[in-house]
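The values are calculated or read from the model by the stated rules, or taken from the named source; none is laboratory data. All of these numbers come straight from a predicted model, not from anything done at the bench. Cβ sites come from the backbone with ideal geometry, for glycine too, and all protein chains shown count toward neighbours. Only protein heavy atoms, including side chains, enter the accessible area calculation; ligands, DNA and RNA are left aside. Shrake-Rupley method; radii C 1.70, N 1.55, O 1.52, S 1.80 Å.
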Amino acid sequence: MSLFEVYPLFDVTPVRAQDVYVYDHNDVEYLDLYGGHAVISIGHSHPEYVNNISEQVSKLGFYSNAVQNPLQQALAHQLVDISGCKDYQLFMCNSGAEANENALKLASFHNRKHKVIAFKNGFHGRTSAAVAATDNAKIIAPLNAQQEVEIIELGDLEAVEKALDKNNVCAVIVECIQGVGGLDEDTTLFYQGLQSLCRQYNTSFIADEVQSGFGRTGDFFAFQKHGLEPDIISMAKGMGNGFPVGGILIHPQIKASYGLLGTTFGGNHLACNAVSTVLKVIEKEQLIDTAFALSINCS
């Protein structure tokens, strides 16, 4: 059986990694500035991460969300403490695209509207509504294109309000720092204006923190620099330091009900342990302070 080729591959075959270095099958050392597509957040093979993951999988790696899982509750409290997102609710899934799918679906359930506003050069995933909200026609299949999405120039509040005035927009989704789009960002005035318009028109404001979250910008989330309070925050990549995990933080004004969202693998015991360990290391090694200092020095 052959592989379904969807990526052009670099001629590198990593077999082990440590800290910020990756080693190939010839033991050539590479300085890893890529982090496996912005995933490795506390370094490769961090000893505390390796120990905690190993210990957890030796006890219980997985069980479904049909049973009590105190690790999820503990992780929710830990996230509040380090992120400062007080009273938000946590729903866990498995990837950034899945996080954004759940965010958009939840927004539509909440206000019963159907259209999405996204922004030029934005990237939100490769599945269903997430890819329809991504500004890249090459990866949007006809099936995805059935979603009603309007792509607006980043910074254009007038165009946003014109679209919102039709009263059919369930969500505005935005990366405060665009990842795939080239690290573009707009002003605090724009982001605060966007949030204000969403509140005015009963539209959910979604902050996509899949790439920029978990301390990478000198704040836990990139939107915090602008003094925002999103309705839903999506996160993934840096959450598990390589373990596949994603999630959304949901503002307390959005109420849960049984069956509204669901997942088989999301929030499993091993995933919770991975994220919890990442948060502990971020705090212990003061990685957010380091990121902030480096951002000041580079600006």
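Being surrounded by fewer than 20 Cβ atoms within 10 Å (Cβ to Cβ), more than 8 Å from the chain's Cα centre (by Cα), farther than 30 Å from residue 48 by Cβ and of a type outside the set (A, V, I, L, M, F, W, C) narrows it down to one of 230, 252, so name that one. Working first, answer last.
Values: 230 fails: surrounded by fewer than 20 Cβ atoms within 10 Å (Cβ to Cβ).
Going through 230, 252 in turn, the sole match is 252.
To keep it simple, each residue is scored yes or no on (1) part of a loop (DSSP other than H, G, I, E, B); (2) within 16 Å of residue 42 (Cβ to Cβ); (3) in contact (Cβ under 8 Å) with a residue 40 or more places away in the chain.
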site	(1), (2), (3)
205	no, no, no
214	yes, yes, yes
220	yes, yes, yes
224	no, no, yes
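Taking strands (runs of 3 or more DSSP E) that do not extend beyond region 1-57, which have at least 2 residues that are open to solvent by 80 Å² or more (accessible area, probe 1.4 Å) and either closer than 22 Å to residue 213 by Cβ or in contact with a strand residue (DSSP E or B) (Cβ under 9 Å, 6 or more places away or on another chain) (or both)? Break it down into steps so the answer makes sense when it comes.
Working: elements: 14-18, 21-24, 29-31.
Counting at least 2 such residues, we get 14-18, 29-31.
Taking the condition of being open to solvent by less than 50 Å² (accessible area, probe 1.4 Å), assigned to a helix (DSSP H, G or I) and either farther than 19 Å from residue 54 by Cβ or not small (Gly, Ala, Ser) (or both), how many residues in region 260-286 meet it?
Of all residues in region 260-286, those open to solvent by less than 50 Å² (accessible area, probe 1.4 Å) come to 260-261, 263, 266-279, 281-282.
When the remaining residues are screened for being assigned to a helix (DSSP H, G or I), the result is 269-279, 281-282.
Checking which are either farther than 19 Å from residue 54 by Cβ or not small (Gly, Ala, Ser) (or both) leaves us with 269-270, 272-273, 275, 277-279, 281-282.
Result for region 260-286: 10.
Here are some conditions: (1) open to solvent by less than 10 Å² (accessible area, probe 1.4 Å); (2) under 27 Å from residue 283 (Cα atoms). Residue 122 meets all but one. Which one does it not meet?
Result: residue 122 fails condition (2) only.
Could you tell me which residue of region 58-76 is most open to solvent (accessible area, probe 1.4 Å), considering only residues that are touching a residue at least 12 places away in the same chain (Cβ under 8 Å) and assigned to a loop (DSSP other than H, G, I, E, B)?
63
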